[in-house]
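J.: Have a look at this one before I ask anything.
The values are calculated or read from the model by the stated rules, or taken from the named source; none is laboratory data. The structure presented is a predicted model; accordingly, all values stated were derived computationally and were not measured. Cβ placement follows ideal geometry from the backbone for every residue including glycine, while neighbour counts extend to all protein chains displayed. With ligands, DNA and RNA removed, areas are computed over all heavy atoms of the protein, side chains included. Shrake-Rupley method; radii C 1.70, N 1.55, O 1.52, S 1.80 Å.
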Amino acid sequence: MSGNVSAVESGRHECEPPGMSGGRSPGGWYNGTNGLYLIATGQRSHGNPFAKFKAVFTELNNDPDAYECYKNHVISAFGLNLFDGSLETQALINQMNALNTNFVVQGSWTVLDAMVNGAAEWHLAAAFLNTYYQLYDGVYTSNQPSIIEAQAVVKAILAGYLTAVQGGASTLGWFSDANMGYDDNTNDDTDIVLSACATI
């Protein structure tokens with residue numbers, strides 16, 4: 001779709017996820033030695049925390065004040081609503097939950113709720129964050145994080161997942177690194193400059 005995630009019609013799942021590449025995996029956002037959320041909240045301190053953030057946010061430029069701001073921005077991003085709240089999205093969620101695939105989501109979830117709720121669910125959270133911080137190459141090109149854009153990609157992924165599983169695809173296998181555009185430690189960075197963290 002290359003940046004076009006137009007509304008998904010209720011009952012029809014012709015919308016496929018955009019051609020995604022360059023994103024961080026769920027573990028890169030949350031868990032493990034490179035998990036930005038656990039590093040930002042002080043729950044993990046492996047290696048150099050500054051280096052972990054600069055690997056994603058290339059505009060940090062070794063500024064400790066900016067680093068603290070970017071950490072707080074990541075923490076707040078995990079509290080954002082994963083879904084857009086539209087009737088179309090709720091219809092997708094209802095249909096997906098009816099599949100009995102052990103992949104169950106709630107329309108009221110935050111990004112963090114999805115991240116900690118399961119092996120499939122946390123992929124939605126990673127896709128949200130990769131879009132929000134513009135790690136995905138060519139999906140969106142706004143110059144600041146956009147909740148609307150991130151929620152639109154999550155909606156497209158739900159629609160694509162439904163189509164695939166209804167066609168017989170493996171329920172968890174669908175969330176492969178290639179399909180989700182994960183490219184950890186290769187091209188998982190962004191040139192986005194967080195205006196709220198700009199320094200004089």
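J.: When ranked by the protection proxy of mean other Cβ atoms within 10 Å per residue, highest first, what sequence do the peptides 50-59, 128-137, 91-100 form? Spell out each step's value before the answer.
T.: Details: 50-59: 17.5, 128-137: 25.9, 91-100: 15.2.
Packing order, densest peptide first, comes out as 128-137, 50-59, 91-100.
J.: Step through the residues of region 183-198 one at a time and calculate ³J(HN,Hα) from phi using the Karplus curve (6.51 cos²θ - 1.76 cosθ + 1.60, θ = phi - 60°), rounding each to whole Hz and writing x for Gly and Pro.
T.: 9, 3, 6, 10, 9, 9, 9, 9, 8, 4, 10, 6, 4, 5, 10, 5
J.: Compute the FRET efficiency between Ala198 and Ala178 as 1/(1 + (r/R0)^6), taking r as their Cβ-Cβ distance and R0 = 25 Å, and round to the nearest 0.05.
T.: Working: r = 36 Å, r/R0 = 1.43.
Result of the calculation: an efficiency of 0.10.
J.: Among the lysines, which have Cα under 25 Å from the Cα of Lys71 when same-chain residues fewer than 8 positions away are ignored?
T.: Reachable lysines: Lys52, Lys54.
J.: For Val116 and Asn48, what is the calculated FRET efficiency with R₀ set at 25 Å and r taken between the beta-carbons, to the nearest 0.05?
T.: Working: r = 25 Å, r/R0 = 1.02.
My answer for the efficiency is 0.50.
J.: Then there is this: Before anything else, pin down the relative contact order of the chain: Cα pairs under 8 Å, at least 6 apart, normalised by residue count, whole percent. Don't skip to the end; give the middle numbers.
T.: Details: 317 pairs, mean separation 70.2, N = 200.
Relative contact order for the chain comes out at 35 percent.
J.: Also, quick follow-up: Take the solvent-accessible surface of the protein heavy atoms, probe 1.4 Å, and return the percent of it on the chain that carbon and sulfur atoms account for. Don't skip to the answer; put the middle values down first.
T.: Working: 4150 of 8810 Å².
The nonpolar share, carbon plus sulfur, comes to 47 percent.
J.: With the other protein chains left in place, how much accessible area per residue, in square angstrom, belongs to the chain at a 1.4 angstrom probe? Present the calculation step by step, with values, prior to reporting the outcome.
T.: On the way: 8810 Å² over 200 residues.
Value for the chain: 44 Å² per residue.
J.: Please give the Cα centre distance for region 86-121 versus region 168-200, rounded to the nearest Å.
T.: Taking the Cα centre of each part, region 86-121 and region 168-200 sit 20 Å apart.
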